[in-house]
Structures are given as structure tokens and as C-alpha cells.
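J.: Submitted below is the structure of interest, expressed as C-alpha cells.
Read the figures in this text as sums done on the coordinates, not as results from a lab. Keep in mind the model is a prediction, meaning the values are calculated, not measured.
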Amino acid sequence: MTAPPPTAIDTLAPAGQQALLRRALALGQAPAPAPLRGRNIALLCAGTPDEPGLAALELAAARLGGRVARIDAAAWLDDAADTPQQTEAALRLLERLYDAVDCEGLPEERARALQRRTGLPVFIGLARPDHAVRRLLPQLRELRPAGADDELHLVQALLLNALER
């Protein structure tokens, strides 16, 4: 199993962050013609399924042709719920059905374990307003006038970075 590309902005070298900014700029100038068509993203949600950030993540993926499925993460949080065989079967199912996973409300160690055990890009809280990718907003706004879709373009750039393999 090959290692998935970095999904955490903190793990990207400055050159990687600059590449994300360039991609976000390009998306603002001329949206890509559905590069995520046929790609599926699982949104493992623990807690409130109608947080505004979740809809924004779905919109970011949809504008690139991707699809997002919300999955209740309660079972992923219950250690005693499954046998090891059931857990492995669930992980294999995730790998077959989805190209990436965003963990919303799951403990970080669970999300990291999911990434280690699947070969999928796993985001941690990409839909949250405090996700690290949003720290690039000031730099993006230095490169172009502030726009309503700035955050969307940064999220899209990170999705594209992770799913181009």
C-alpha cells in the first residue's frame, strides 16, 4: 500500500503550501472542468450533521465534480462495538467505496489510525472553520482581491492535491 499524500496543511513544506495557493488562485480564475468527477469522499460525522462547514465541504467537492457522503461516525467511536474482523471489513469497504475521508468530530488519534490502516487520504476536520488550510487565507488575499469563494478554493486545492494520484 502506498502512502497517501499529505492531507494536513501542517505537514506540507513551504513549497507545498505555495503550490496550494497557486492552485487556489487558478481555481478562482477558471474553475477546473470537474477533475473530481467519479470521486467519492466519505464524511465521517460525529455530532451535529448540519454544521455549516459540512455543506461548504460538499459544495467544494461538488463544484469539482466529486460526491460527498455523510456517514454517522458513532460506530467508529465505540471500541467494543465490533470484532477485529468487522473492523477490518469496514475499513476495506471504506477503501473500496471512497477515494478520501474527512473525519469531523472524531478524535485525532482515530483519524490518524484510519489513515494508517487504509491507504486513503484522511482529512481531520477539513469542514471546520479553524482547519489549518484557512491559515493560508491572508496569503491568498495578498495575491488577489478578497473574494467570497477564497475558503472554498483553498479547500478545493487541498482536495485536488490529495486526490491526484
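J.: Once you have the Cα-Cα distance between ARG117 and THR87, take 0.36 nm times their residue separation minus that, and quote the gain in nm to one decimal. If you can, show how the numbers build up before the last one.
T.: Details: separation 30, 0.36 × 30 = 10.80 nm, distance 1.05 nm.
Full extension of this stretch gives 9.7 nm more.
J.: On to the next question. Explain nothing, just the number: relative contact order of region 36-163, from Cα pairs under 8 Å at least 6 residues apart, as a whole percent.
T.: Relative contact order comes out at 30 percent.
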